[in-house]
Amino acid sequence: MEIGIDSFAAAPRGHQNSAIAIQELLERIELADKVGLDAFGIGEHYRKEFLDSAQAVILAAAAARTHSIKLSSAVTVLSTSDPVRVFQNFATIDLISNGRAEIVAGRGSFVDSFPLFGYNLNDYDAIFAEKLDLLLKIRADEVISWSGRYRPPLREQAIYPRPVQKKLPIWLGVGGTASSFARAGKLGLPLMLAAIGGRIEQFRDFVEVYRSTGRAAGFNPEELKVGLHSFGYVAESKEKAIDIFYPRYAEVIASMNKERGWIPPTRAQFEELVQDRKSALVVGSPKEVAEKIIQHGKTLGGVFRFNFQMDVGMSHEELKKGIELIGKEVLPLLRK
């Protein structure tokens, strides 16, 4: 199993400096690389509380400062991006990193980019399907001809640069709809499941839809990789992990209350979720976290990669400590 970190590049609080926040994020990516983590992903958002609207720029900076860690989006909002530009950006990151770039393409959990770039929300799924088709064609062929509804056609057009990797990894980021899981299976794309709440077992049937659809489409089981992205944090003890993570996590959930109707759990409810082996939250000591990740893997019939979403506004030092513990203690337990 691979282990990674996903970050939405949380903006600094109060009068802190955004430039310092970006430098600290790059330091954390360097640290993740140093302690042996497999991947680091940067999200894409268009609101004040995040600094990741130009995720490819952050990943390119990280590529020049790291050696072995895979550098990914988490996710790329493909619906409101030009697939040609997305491919060029990540092919360039692949060149800078000597073959460590990945794309996780998705529709995104927010819709801020639709009015910003002039897209109609009524076309939400159709735009994504069309742009994913174009992105995959660009990956497959250096020179392409293509036409669709939402982008000008391409006539025998060469797309450069080409990446180091012969087949630039493209994952499909999904939430909780069976059609998204089936789409990933039909295309034979690795699946990155964002389980940001609830219990992991609620996704089990969807993952089976993915695998059965992929098998029916002629793909080998080893091609149908499942990744899991979930809120999580590691400290020396469960109590310390909760003390550090809960206050910021509760603030994030409370901020989404008006948009999604999410109500933050009380401290007691949060502790129950942490204790529940089947809840999506992965918070605790290294041993407890490793055991829960293994349990999630069993529930879903195997997980190729687990990504922690831990950057919810905690301090740079708290995040660094969590990354160190994941690399130095959680990873060895999982590998053992």
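Would you call N98 more than 30 Å from T177 (Cα to Cα) and not small (G, A, S)? Before you say what the answer is, go through the steps one by one.
Values: more than 30 Å from T177 (Cα to Cα): yes; not small (G, A, S): yes.
Here the answer is yes, as N98 does meet what is asked.
Of all residues in the range 237-266, those that are charged (D, E, K, R) and at pLDDT 95 or above total 4.
All of (1) free of Cβ contacts under 8 Å to residues at least 60 places away in the same chain; (2) within 19 Å of A194 (Cβ to Cβ) hold for A290 with one exception: (2).
Going by what's in this entry, would K240 be described as within 30 Å of A91 (Cα to Cα) and among the basic types (K, R)? Full working, then the answer.
Values: within 30 Å of A91 (Cα to Cα): no; among the basic types (K, R): yes.
Against the criterion (within 30 Å of A91 (Cα to Cα) and among the basic types (K, R)), K240 does not qualify.
Scanning the range 278-288 turns up at least one residue that is modelled with pLDDT of 95 or more, of a type in the set (S, T, N, Q) and more than 30 Å from L189 (Cβ to Cβ).
N307 passes every criterion in (1) touching a residue at least 24 places away in the same chain (Cβ under 8 Å); (2) farther than 20 Å from I200 by Cα; (3) among the polar types (S, T, N, Q) apart from (2). Counting residues in the range 65-76 that are assigned to a helix (DSSP H, G or I), within 21 Å of P169 (Cβ to Cβ) and not basic (K, R) gives zero.
Kindly indicate the residue of the range 237-286 that is basic (K, R) and assigned to a helix (DSSP H, G or I) and also surrounded by the fewest Cβ atoms within 10 Å (Cβ to Cβ) among those meeting that condition.
Here the answer is K258.
Is there a residue being in a helix (DSSP H, G or I), surrounded by fewer than 18 Cβ atoms within 10 Å (Cβ to Cβ), within 18 Å of the chain's Cα centre (by Cα) and at pLDDT 95 or above anywhere in the range 90-99? No - not one qualifying residue is present in the range 90-99. Selection of the range 297-325 for residues being part of a helix (DSSP H, G or I) and touching a Phe, Trp or Tyr at 6+ places or on another chain (Cβ under 7 Å) yields only G322. Taking the range 23-41 as the range and being assigned to a helix (DSSP H, G or I) and not aliphatic (A, V, I, L, M) as the test, the residues that pass are Q23, E24, E27, R28, E30, D33, K34. Using the structure shown, decide if A158 is more than 15 Å from S81 (Cβ to Cβ), aliphatic (A, V, I, L, M) and in contact with a Phe, Trp or Tyr (Cβ under 7 Å, 6 or more places away or on another chain). Considered against the rule, which asks whether it is more than 15 Å from S81 (Cβ to Cβ), aliphatic (A, V, I, L, M) and in contact with a Phe, Trp or Tyr (Cβ under 7 Å, 6 or more places away or on another chain), A158 comes out as no. Restricting attention to the range 287-322, the residues that are surrounded by fewer than 23 Cβ atoms within 10 Å (Cβ to Cβ) and farther than 24 Å from L172 by Cα total 11.
The combined condition, being part of a loop (DSSP other than H, G, I, E, B), basic (K, R) and either under 22 Å from Y233 (Cβ atoms) or touching a helix residue (DSSP H, G or I) at 6+ places or on another chain (Cβ under 7 Å) (or both), is fulfilled by R13.
The set of residues in the range 36-51 being in contact (Cβ under 8 Å) with a residue 40 or more places away in the chain and surrounded by 24 or more Cβ atoms within 10 Å (Cβ to Cβ) consists of L37, G41, E44.
Which one is surrounded by the most Cβ atoms within 10 Å (Cβ to Cβ), of the residues in the range 212-234 that are under 20 Å from the mean Cα position of the chain (by Cα) and farther than 20 Å from Q275 by Cα?
Residues of the range 212-234 that are under 20 Å from the mean Cα position of the chain (by Cα), as a first pass: 223-234.
Checking the rest, the ones that are also farther than 20 Å from Q275 by Cα come to 223-227.
Numbers: E223: 12, L224: 23, K225: 18, V226: 22, G227: 25.
That would be G227.
Of the residues contained in the range 63-75, one or more are found to be of a type in the set (V, I, T) and touching a residue at least 40 places away in the same chain (Cβ under 8 Å). In the range 145-183, the residue that is farthest from the chain's Cα centre (by Cα) out of those that are among the hydrophobic types (A, V, I, L, M, F, W, C) and surrounded by fewer than 17 Cβ atoms within 10 Å (Cβ to Cβ) is A158.
The values are calculated or read from the model by the stated rules, or taken from the named source; none is laboratory data. Here the structure is a predicted model, which means the values were calculated and not measured. Cβ atoms come from the backbone with ideal geometry, glycine included; neighbour counts cover every protein chain shown.
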